[in-house]
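Please read the structure below before turning to the comments.
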Amino acid sequence: MAQRMIWNQTAYFGAGSISVIPEELARRGFTKAFVVTDQVLVDTGVAAKVTTLLDDANVDYEIYADVVPNPPIENVQAGVACFQASGADVLIAIGGGSPQDTCKAIGIIVANPEFSDVRSLEGVADTRNPSIPIIAVPTTAGTASETTINYVITDVERKRKFVCVDPHDIPILAVVDSEMMSTAPRSLKVATGLDALTHAIEGYTTAGAWELSDLFHLKAIQIIAGSLAAAADGNPAAADRMALGQYVAGMGYSNVGLGLVHGMAHPLGAFFGAPHGVANGILLAPLMAFNAAETGEKYRDIASAFGVEDAPTMPINDARTAAVEAVAALTLSLGNPTTITEIGASESDIDALAQAAFEDVCTGGNPRTATVEDIAGLYRSLL
Ligand SMILES: NC(=O)c1ccc[n+]([C@@H]2O[C@H](COP(=O)([O-])OP(=O)(O)OC[C@H]3O[C@@H](n4cnc5c(N)ncnc54)[C@H](O)[C@@H]3O)[C@@H](O)[C@H]2O)c1
Ligand SMILES: [Fe+2]
C-alpha cells in the first residue's frame, strides 16, 4: 500500500517572519497579488501588516475583504469574479480558516472553471489543474489551513458545511507568524486553539493514522497542551508555540483525516453559525470517551502529554479516563461552552444534525463506527 504525505513547498515560522513575503514574490516571478482577507482584519490593521510590506516593495495588489466566518458559496463566486477582473497571478490569503479556505476555493475554480458552481467540489473533486499559486498567512492558531489540502465552505441554502479535499489546493508557501495572531481576542484564541487540539487528537486516533502521522500529532498534542492556556492569556512565547503546534497538527491530519468531532461540529456551524473551534471544544472530551475503547495505547500518550505523571504505567482504562479528564479540565478552565444548548441547539434539531454529521466527510475517519442513532444520542447528551 502506498502512503501519501503532502506538505507546503516552503514554510516560514517565527514572530516577524512575514518580512520574507516580498522577496518570495520577487524570487518566484509574480507580478500582481490578489489578497483574500476579511473586513475585521482590514479594520484592525492585521491585513495591513502584510500590505504595508507590499507597498514598501512596490508590489502591485488588490484586496478582496468580503469573506465572512463559515464562508458561504457566494463569497467564493464573488471572489472568483474579482480575481478574474484583477489581472493578478498569485493569491495571498490573510486570515483564519475562513479567508484561507475561500482563497483556496477561488484558486481552484479560476484554474478549473468547470467547478464554478462550488458545490461540485465537495469531497475529493476531480480537478485537473493546480490552484492559482497561494501564499497563506494564518491569523489564528487553529485550522492550519495554510498547510492542509482541505477547505470548508457553507451552503447556506441547504444549511450544510461541506469539506473539499484536493491536493491541488495546497498553498505553495505558508508564513506562520505569531505576530499576525496577537490581536485575536481571548475567546478567539481559545476557540481556535481547541480546534488545533482537536486536529491533533483526532488525527492521532483516526482510522488512517500511521507512524509518520503519529509523529506530528503527538508532537502537536504536547506543544498545544503546554501552551494553549498561556497563549490565550497573551503570553508571546506561548503564542509562538501555539502557532507552531497548530501547523504541526495540520501536517498530520491533512494527510490522514479526522473523525466524528469534526463530523458533528460542521452541522453545528451550518445550523447555528457556531464558531468552528467552539463546537469542537464542546464535543472533544465526550467524543474521546465514546471512542476510548478503539484507541489502543494512544490515550496513554495523550495523558502523558497533559502531564499525568504515572500515565506510562497505569492500567490502560485508567490512562484513557485520565486523558479524557485532562482534556475536559482544560476545556472547562478555558471557559469554552460545554453544551450545544449554549450555541442554539434544541431537541427538535437533533435528528437533522445527526443525519448531517453521519454524512460528513470527516466522520468516516472516526476510530469507532457510529450509527445515526449513536450520533443523535451523543448530541442529545450535550443538550
Ligand atoms: N481548511 C482546513 O483544513 C480547515 C480546518 C479546520 C477548520 N476550517 C474552517 O475554518 C473556519 C474557521 O476558521 P478560524 O477558526 O480560523 O476563524 P475565522 O477565519 O472564521 O475567523 C473568525 C473571526 O475572527 C477574526 N479574526 C481572525 N484572526 C484575527 C486576529 N488575528 N485578530 C482579530 N480578529 C481576528 C475574523 O475576522 C473573524 O471575524 C471554519 O469555516 C472551519 O470549518 C478549515
Ligand atoms: Fe477544524
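Structural remarks
- Solvent exposure of the chain, expressed per residue, is 38 Å² of accessible area, with all protein chains present and a 1.4 angstrom probe.
- Here's how it looks for V124: its modeled amide H is under 5 Å from those of V165, which are all 5 or more places away or on a different chain.
- Loop-located trypsin sites (Lys or Arg not before Pro) across segment 29-134 with a Cβ neighbour count of 16 or fewer within 10 Å are R128, with loop assigned by DSSP.
- Label-to-label distance, nm, for residues given as S348 and K159 (7 Å Cα→Cβ offset): 1.0
- Positive-end ranking of L268, A354, I316 along the dipole of segment 228-362, with charges on Cβ about the Cα centre, is headed by I316.
- Under DSSP loop assignment and at most 12 Cβ neighbours within 10 Å, longest GluC sites (Glu not before Pro)-free interval of the chain: 1-156
- Distance from the C-alpha centroid of segment 281-309 to that of segment 181-224: 13 Å, rounded to the whole angstrom.
- Surface composition of the chain: carbon plus sulfur atoms hold 54% of the accessible area, using a 1.4 angstrom probe and ignoring ligands, DNA and RNA.
- For the chain, the longest principal axis of the Cα atoms and the long axis of helix 73-86 meet at an angle of about 20 degrees.
- In the chain, the DSSP-assigned H stretches of four residues or longer account for a calculated mean residue ellipticity at 222 nm of -16000 deg cm²/dmol, using -39500 (n - 2.57) per stretch and the full residue count as denominator.
- Given +1 at the Cβ of Lys and Arg, -1 at the Cβ of Asp and Glu and no other charges, the dipole of segment 10-181 around its Cα centre is 300 debye to the nearest 20.
- Nearest-20 debye value, segment 186-381 charge dipole, Cβ charges on Lys, Arg, Asp, Glu: 420
- Charging the Cβ of each Asp and Glu at -1 and of each Lys and Arg at +1, and nothing else, the dipole of the chain about its Cα centre rounds to 300 debye.
- Crossing angle, helix 211-232 versus the chain [Cα axis fit, 0-90 degrees, rounded to tens]: 90
- Spatial offset of segment 94-120 relative to segment 127-176 amounts to 7 Å, using the alpha carbon center of each.
- Acute angle (nearest 10 degrees) that the helix 236-256 long axis makes with the longest principal axis of the chain, alpha-carbon atoms: 80
- Flagged links, alpha-carbon separation over 23 Å, of K189/K219; K104/K219; K104/K161; K104/K298; K32/K104; K104/K159: K104/K219; K104/K298
The values are calculated or read from the model by the stated rules, or taken from the named source; none is laboratory data. All values reported here derive from a predicted model rather than from experimental measurement. Counting neighbours? That spans all protein chains shown, and the Cβs are built from the backbone with ideal geometry, glycine included. SASA here: full protein model, heavy atoms, side chains in, ligands and nucleic acids out. Shrake-Rupley method; radii C 1.70, N 1.55, O 1.52, S 1.80 Å.
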